[in-house]
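**Student:** The following block contains the structure, expressed as structure tokens.
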Amino acid sequence: MTDRPTRAPRNTRLVGAGYAVGAYLLWGFLPLYFVLLEPTGPWEVVAWRILLSLVFYLILIPVVGGWPRLRTVLSNRRLVMWTAVAGLLIYLNWQVFLIATLTGHVIEMSLGYFINPIVTVLLGVVVLRERLRPMQWTAVGLAVVATLVIVVGYGAVPWLALGVAFSFGLYGLVKRHIGPSVDVTSGLTLESLWLAPLAIVQLVIVAMTTGLTMGTAGAGHGVLLALAGVITAAPLMLFAAGARRVPLTVLGIAQFITPIMQLVIGVWVLDEPMPPERWIGFAIVWLALGVFTLDSVVAARRRRAERRAVPPSRSARQE
């Protein structure tokens, strides 16, 4: 086999880029969808999101012939444990996301997704002992400065942004650790399955305190809430399809679609406050992301150039 570019790979990359962009666009619109679910609170929304996602995946598995793969994963205790950890982390991410969205903190949440790539790199240093290049350290330093500017100027630590960034960063770290041993459908199914008891308990508590809203706020609201499973699963499936077809640099650049959309929705649609100190903090974050993205692109080009420079005979011997 050779690495020469052909029309098929180019078409595959284009299709993959379309899947990835579609996933990030859907994630960007999620705040508007969840705002439409009011008066349903964040705890009830997350519980329905878990249970209805599980129903969606259980319907999907026989369609894609996934039962054998699911049984293979279930036979491995280590993989089962890691899917449970991944489920807990994505639960934390969803819960913080919903609390931020339904309490008027969409802008702060967008900050979390802006800094998520840098948090992911930082976790790689702390957990995986990876070494950062100088420009990556510069991006990390700028992100820290931006957070300090927001804390000092705005007078509050952006806990929701940090919660979103670190929960999703750790989730990505676990998914990377699992690797190809768990296919997308099996992984998402098991994550939802392990969270199902928690979701049921959560619904019981909500029912005993504030009361459940499913079916009590009109037919339109009921339909929207019933779609929570599909709305949750669709971008995850699109993202998984895209991630298999495009380079990480493409995913890294495309992921900024989501926080940009969330920022626009928070400022111009939901009319959340955006004082000057926040704009300054965001500007520093964007500078950090510019440095980070430039470094990623340059590093990817350097690796491609190095691979092309290896003679075919030497490459074959190495294999």
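The values are calculated or read from the model by the stated rules, or taken from the named source; none is laboratory data. This one's a predicted model, so the numbers in the text were calculated from it and none came from an experiment. Here Cβ is always computed from backbone atoms with ideal geometry, including for glycine, and neighbour counts include all displayed protein chains.
**Student:** Criterion first (in a helix (DSSP H, G or I), closer than 27 Å to Val264 by Cβ, touching a Leu at 6+ places or on another chain (Cβ under 9 Å) and modelled with pLDDT of 95 or more) does Tyr33 satisfy it?
**Tutor:** Answer is yes for this residue.
**Student:** How do the pairs read when you match residues in region 221-237 that are free of Cβ contacts under 8 Å to residues at least 12 places away in the same chain with residues anywhere that are of a type in the set (Gly, Ala, Ser) and not in a helix (DSSP H, G or I), using Cβ under 8 Å and keeping only pairs 6 or more apart or on different chains?
**Tutor:** Pairs that qualify, where the first residue is free of Cβ contacts under 8 Å to residues at least 12 places away in the same chain and the partner is of a type in the set (Gly, Ala, Ser) and not in a helix (DSSP H, G or I), are Gly222/Gly215.
**Student:** For Leu132, state whether it is free of Cβ contacts under 8 Å to residues at least 24 places away in the same chain and either charged (D, E, K, R) or on the phi < 0 side of the Ramachandran plot (or both). So that I can check it myself, show each step before the final result.
**Tutor:** Numbers: free of Cβ contacts under 8 Å to residues at least 24 places away in the same chain: yes; either charged (D, E, K, R) or on the phi < 0 side of the Ramachandran plot (or both): yes.
Judged against the criteria, Leu132 is a match.
**Student:** Moving on. If Leu294 passes every condition in (1) surrounded by 17 or more Cβ atoms within 10 Å (Cβ to Cβ); (2) under 24 Å from Gly172 (Cβ atoms) but one, which one does it miss?
**Tutor:** (1)
**Student:** Determine the pairs where a residue that is without any contact (Cβ under 8 Å) to a residue 12 or more places away in the chain, located within region 272-287, has a partner that is surrounded by fewer than 16 Cβ atoms within 10 Å (Cβ to Cβ) and hydrophobic (A, V, I, L, M, F, W, C) with Cβ atoms under 7 Å apart, the partner being 6 or more residues away or on another chain.
**Tutor:** So the pair list comes out empty.
**Student:** One residue is enough: does region 206-217 have a residue meeting the conditions more than 16 Å from the chain's Cα centre (by Cα) and under 19 Å from Leu92 (Cβ atoms)?
**Tutor:** Scanning region 206-217 turns up at least one residue that is more than 16 Å from the chain's Cα centre (by Cα) and under 19 Å from Leu92 (Cβ atoms).
**Student:** Working carefully through the options Ala100, Ala86, find the one that is farther than 20 Å from Leu238 by Cβ and part of a helix (DSSP H, G or I).
**Tutor:** Details: Ala86 fails: farther than 20 Å from Leu238 by Cβ.
Just a single option satisfies the conditions, and that option is Ala100.
**Student:** Among the listed residues Leu212, Leu170, which satisfies the condition of being at pLDDT 85 or above and either closer than 30 Å to Glu277 by Cα or crowded, with 19+ Cβ neighbours inside 10 Å (or both)?
**Tutor:** One residue alone meets the criteria, Leu170.
**Student:** Let me ask you something else. On the given criteria, is Ala146 among the small types (Gly, Ala, Ser) and touching a residue at least 60 places away in the same chain (Cβ under 8 Å)?
**Tutor:** For Ala146, the condition - among the small types (Gly, Ala, Ser) and touching a residue at least 60 places away in the same chain (Cβ under 8 Å) - is met.
**Student:** Determine if region 124-132 includes at least one residue that is under 15 Å from the mean Cα position of the chain (by Cα), aliphatic (A, V, I, L, M), surrounded by fewer than 19 Cβ atoms within 10 Å (Cβ to Cβ) and assigned to a helix (DSSP H, G or I). Reasoning before the result, please.
**Tutor:** In the first step, residues of region 124-132 are kept if they are under 15 Å from the mean Cα position of the chain (by Cα); the result is none.
Within region 124-132, not a single residue is under 15 Å from the mean Cα position of the chain (by Cα), aliphatic (A, V, I, L, M), surrounded by fewer than 19 Cβ atoms within 10 Å (Cβ to Cβ) and assigned to a helix (DSSP H, G or I).
**Student:** Would you mind finding the one in Ala156, Ala84, Ala100 that is surrounded by fewer than 19 Cβ atoms within 10 Å (Cβ to Cβ) and either touching a Lys or Arg at 6+ places or on another chain (Cβ under 8 Å) or touching a residue at least 60 places away in the same chain (Cβ under 8 Å) (or both)?
**Tutor:** None of the others qualify; the one that does is Ala84.
**Student:** Tell me, yes or no, whether region 137-154 has at least one residue that is outside any helix (DSSP H, G or I), at pLDDT 90 or above and either touching a helix residue (DSSP H, G or I) at 6+ places or on another chain (Cβ under 8 Å) or over 23 Å from Ile257 (Cα atoms) (or both).
**Tutor:** Within region 137-154 (the criterion being outside any helix (DSSP H, G or I), at pLDDT 90 or above and either touching a helix residue (DSSP H, G or I) at 6+ places or on another chain (Cβ under 8 Å) or over 23 Å from Ile257 (Cα atoms) (or both)), the answer is no, since none of the residues qualifies.
**Student:** What is the one condition in (1) surrounded by 15 or more Cβ atoms within 10 Å (Cβ to Cβ); (2) more than 30 Å from Arg13 (Cα to Cα); (3) of a type outside the set (Phe, Trp, Tyr); (4) over 20 Å from the mean Cα position of the chain (by Cα) that Gly266 does not satisfy?
**Tutor:** Evaluating Gly266 over (1) surrounded by 15 or more Cβ atoms within 10 Å (Cβ to Cβ); (2) more than 30 Å from Arg13 (Cα to Cα); (3) of a type outside the set (Phe, Trp, Tyr); (4) over 20 Å from the mean Cα position of the chain (by Cα) leaves (4) as the failure.
**Student:** Can you pull out every residue in region 71-81 that is surrounded by fewer than 18 Cβ atoms within 10 Å (Cβ to Cβ) and in a helix (DSSP H, G or I)?
**Tutor:** Arg71, Thr72, Leu74, Arg77, Arg78, Val80, Met81
**Student:** Can you tell me which of Ala47, Ala20 is part of a helix (DSSP H, G or I) and at pLDDT below 90?
**Tutor:** On inspection, the qualifying residue turns out to be Ala20.
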